[in-house]
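Below is one structure; the comments refer to it alone.
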Amino acid sequence: LSLFEFFLTDKAGHDMSFEMAEWCIRTLEEFLWGLTEAMDPEQELLVVTSDHGNMEDLSVKTHTNNPVPTFAYGVGAGGLSNRVRRLTDIPGFLYEQAGLDIALPDSDENPFEPAIS
(Lines give C-alpha, C1' and ligand atoms only; values in the text may rest on other atoms or scores of the structure.)
Protein backbone atom coordinates (compact mmCIF):
# COMPACT_ATOMS: atom_id res chain seq x y z
CA LEU A 1 0.00 0.00 0.00
CA SER A 2 1.30 3.43 -0.94
CA LEU A 3 -0.41 6.63 0.06
CA PHE A 4 0.34 9.85 -1.79
CA GLU A 5 -0.92 13.20 -0.55
CA PHE A 6 -0.77 16.17 -2.89
CA PHE A 7 -1.70 19.06 -0.61
CA LEU A 8 -0.90 21.72 -3.21
CA THR A 9 -4.35 21.25 -4.74
CA ASP A 10 -5.81 22.30 -1.39
CA LYS A 11 -3.48 25.31 -1.25
CA ALA A 12 -4.45 26.34 -4.78
CA GLY A 13 -8.12 26.27 -3.78
CA HIS A 14 -7.61 28.23 -0.58
CA ASP A 15 -5.47 30.78 -2.43
CA MET A 16 -8.14 30.93 -5.17
CA SER A 17 -5.28 30.76 -7.68
CA PHE A 18 -6.16 29.68 -11.21
CA GLU A 19 -2.48 29.54 -12.19
CA MET A 20 -1.59 27.27 -9.28
CA ALA A 21 -4.67 25.09 -9.91
CA GLU A 22 -3.66 24.73 -13.55
CA TRP A 23 -0.12 23.74 -12.52
CA CYS A 24 -1.50 21.22 -10.00
CA ILE A 25 -3.74 19.59 -12.60
CA ARG A 26 -0.89 19.31 -15.11
CA THR A 27 1.43 17.89 -12.45
CA LEU A 28 -1.15 15.36 -11.23
CA GLU A 29 -1.92 14.29 -14.80
CA GLU A 30 1.77 13.60 -15.42
CA PHE A 31 2.12 11.77 -12.10
CA LEU A 32 -0.95 9.58 -12.71
CA TRP A 33 0.11 8.90 -16.29
CA GLY A 34 3.49 7.73 -15.01
CA LEU A 35 1.88 5.52 -12.38
CA THR A 36 -0.49 3.85 -14.82
CA GLU A 37 2.34 3.28 -17.28
CA ALA A 38 4.58 1.72 -14.61
CA MET A 39 2.00 -0.48 -12.90
CA ASP A 40 0.76 -3.92 -13.85
CA PRO A 41 -3.06 -3.57 -13.92
CA GLU A 42 -3.40 -7.36 -13.74
CA GLN A 43 -1.65 -7.38 -10.36
CA GLU A 44 -2.01 -3.85 -8.93
CA LEU A 45 -4.78 -1.42 -8.11
CA LEU A 46 -4.67 2.38 -8.19
CA VAL A 47 -7.38 4.29 -6.29
CA VAL A 48 -7.56 8.08 -6.54
CA THR A 49 -9.81 10.26 -4.38
CA SER A 50 -9.82 13.21 -2.02
CA ASP A 51 -11.25 13.94 1.40
CA HIS A 52 -12.95 17.13 0.20
CA GLY A 53 -13.21 19.50 -2.71
CA ASN A 54 -12.11 23.10 -3.04
CA MET A 55 -9.96 23.54 -6.14
CA GLU A 56 -12.92 22.88 -8.44
CA ASP A 57 -14.53 26.17 -7.36
CA LEU A 58 -11.96 28.94 -7.12
CA SER A 59 -14.64 31.51 -6.33
CA VAL A 60 -14.62 30.36 -2.69
CA LYS A 61 -11.70 30.23 -0.30
CA THR A 62 -13.04 27.33 1.78
CA HIS A 63 -13.68 23.65 1.17
CA THR A 64 -16.76 22.91 -0.91
CA ASN A 65 -19.54 20.44 -0.28
CA ASN A 66 -19.35 19.14 -3.85
CA PRO A 67 -19.10 15.38 -4.37
CA VAL A 68 -15.52 14.19 -4.76
CA PRO A 69 -14.86 11.72 -7.56
CA THR A 70 -13.13 8.44 -6.81
CA PHE A 71 -11.74 6.26 -9.51
CA ALA A 72 -9.83 3.01 -9.69
CA TYR A 73 -7.63 1.40 -12.31
CA GLY A 74 -6.31 -2.14 -12.30
CA VAL A 75 -7.21 -5.41 -10.66
CA GLY A 76 -10.51 -5.16 -8.78
CA ALA A 77 -11.34 -1.70 -10.11
CA GLY A 78 -14.69 -2.89 -11.43
CA GLY A 79 -15.95 -3.39 -7.87
CA LEU A 80 -15.43 0.23 -6.89
CA SER A 81 -18.73 1.60 -8.18
CA ASN A 82 -20.72 -1.07 -6.30
CA ARG A 83 -18.80 -0.73 -3.05
CA VAL A 84 -17.76 2.91 -2.56
CA ARG A 85 -20.38 5.60 -1.94
CA ARG A 86 -18.50 7.76 0.55
CA LEU A 87 -14.98 8.30 1.82
CA THR A 88 -15.53 5.95 4.77
CA ASP A 89 -16.21 3.06 2.33
CA ILE A 90 -12.70 3.18 0.87
CA PRO A 91 -10.83 1.32 3.67
CA GLY A 92 -13.25 -1.61 3.45
CA PHE A 93 -12.90 -1.70 -0.34
CA LEU A 94 -9.10 -1.72 -0.06
CA TYR A 95 -9.17 -4.44 2.63
CA GLU A 96 -11.42 -6.57 0.42
CA GLN A 97 -9.10 -6.11 -2.55
CA ALA A 98 -6.15 -7.18 -0.40
CA GLY A 99 -8.05 -10.25 0.85
CA LEU A 100 -8.10 -9.00 4.44
CA ASP A 101 -11.05 -9.69 6.74
CA ILE A 102 -11.00 -6.62 8.97
CA ALA A 103 -14.16 -5.53 10.77
CA LEU A 104 -15.06 -1.89 10.21
CA PRO A 105 -17.88 0.17 11.68
CA ASP A 106 -21.06 0.42 9.62
CA SER A 107 -20.57 3.22 7.09
CA ASP A 108 -23.58 5.03 8.58
CA GLU A 109 -21.80 5.25 11.92
CA ASN A 110 -19.27 7.97 12.68
CA PRO A 111 -15.94 6.09 12.80
CA PHE A 112 -14.40 8.89 14.87
CA GLU A 113 -16.82 8.55 17.78
CA PRO A 114 -16.08 5.81 20.31
CA ALA A 115 -18.60 2.99 20.41
CA ILE A 116 -20.86 2.97 23.46
CA SER A 117 -21.47 -0.45 24.94
Selected residue (only one of Asp57, Asp89 is part of a loop (DSSP other than H, G, I, E, B) and either without any contact (Cβ under 8 Å) to a residue 60 or more places away in the chain or within 19 Å of Phe4 (Cβ to Cβ) (or both)): Asp57
Filtered residue count, region 68-83, keeping only those that are modelled with pLDDT of 90 or more, assigned to a loop (DSSP other than H, G, I, E, B) and touching a Gly at 6+ places or on another chain (Cβ under 9 Å): 0
The listed residue being touching a helix residue (DSSP H, G or I) at 6+ places or on another chain (Cβ under 6 Å) and within 21 Å of Arg83 (Cα to Cα), out of Ala12, Ala72, Ala21: Ala72
Some residue of region 40-57 being at pLDDT 95 or above, more than 22 Å from Ile90 (Cβ to Cβ), surrounded by 13 or more Cβ atoms within 10 Å (Cβ to Cβ) and not hydrophobic (A, V, I, L, M, F, W, C): no
Hits in region 1-30 - residues which are closer than 30 Å to Glu96 by Cβ, open to solvent by less than 80 Å² (accessible area, probe 1.4 Å) and assigned to a helix (DSSP H, G or I): Thr9, Asp10, Leu28
Output for region 34-55, where each listed residue is closer than 18 Å to Gly79 by Cα and not charged (D, E, K, R): Pro41, Gln43, Leu45, Leu46, Val47, Val48, Thr49
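The values are calculated or read from the model by the stated rules, or taken from the named source; none is laboratory data. For clarity, every value in this text was computed on a predicted model and none was experimentally measured. Here the Cβ is made from the backbone with ideal geometry for all residues, glycine too, and neighbour counts use every protein chain on show. Surface areas here come from the heavy atoms of the whole protein model, side chains and all, with no ligands, DNA or RNA. Shrake-Rupley method; radii C 1.70, N 1.55, O 1.52, S 1.80 Å.
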